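Below: one structure, written as structure tokens.
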Amino acid sequence: MGERSKRAWAGYKKYKFVMRIIAAFVGITVGIAGCIAFSTVYHNYDAASWAGVSAIFATVFLYLHFAVRRDLERVISRDKFNVILWIGFGGMCSGIIGFITSIALGVRNHETGVNTNGNFIVCVWNFMTFKWGLLTFLAARKFRKIYYELDPESRVLVEST
């Protein structure tokens, strides 16, 4: 690979990292705004709580990226990555379970369309919670793999110190 291609690839990786951070900030802002709007204006506390939970998982995602970005000496332990990985897994599971439950309640109540006080709008926030949980899970797994990757010669885990 040429020098120009290496620089382009490094720039692309940095661009992806920055875009993830920007997306996390947007997710936090939208989640908090949705929480406030659905609780005060529409009095749909179910949607407000799921919007708040979505903002919490976006915050965990942002924290993970900032922690990795600032960790120049690679002192983040494997346990910390595992904890964040399981937090992301919990977000995925809660989002899917909430999504299925909200659809079932909406169908049972014979809702038509998406109104601000119904159960189908809650599905949007369940999906957002699932999305941030999935992104947190995948990012923690990727960073754990980068930090503690296999050495091709000795086939043992190499802890970067």
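Here, each number is a calculation from the coordinates, and none is a lab measurement. Predicted model, so just to flag it, every value in this text is computed and none were measured. Heads up, the Cβs are rebuilt from the backbone with ideal geometry, glycines too, and the neighbour counts pull from every protein chain shown.
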- Using the count of nearby Cβ atoms within 10 Å as a rough guide to exposure, how do Ile103, Ile76 rank from fewest to most? Ile103, Ile76
- What is the order of Phe57, Phe127, fewest Cβ neighbours within 10 Å to most? Phe127, Phe57
- Item | Integer Hz, Karplus 6.51/-1.76/1.60 couplings in order for the range 79-84, x for Gly and Pro | 5, 5, 5, 5, 5, 5
- Query: Dipole magnitude of the chain about its Cα centre, charges +1 at Lys/Arg Cβ and -1 at Asp/Glu Cβ only, in debye to the nearest 20?
  - Reply: 620
- Note on the structure: Expressed as a whole-number percentage, the relative contact order of the range 3-147 with C-alpha contacts under 8 angstrom and at least six residues apart is 29
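May I ask you to sort Val124, Val26 by Cβ crowding, counting other Cβ atoms within 10 Å and putting the fewest first?
In order of increasing Cβ crowding within 10 Å: Val26, Val124.
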- Message: Taking a ≥ b ≥ c as the square roots of the Cα gyration tensor eigenvalues, with a/c under 1.5 meaning rounded and otherwise prolate when a/b beats b/c, else oblate, which class fits the range 3-147?
- Response: prolate
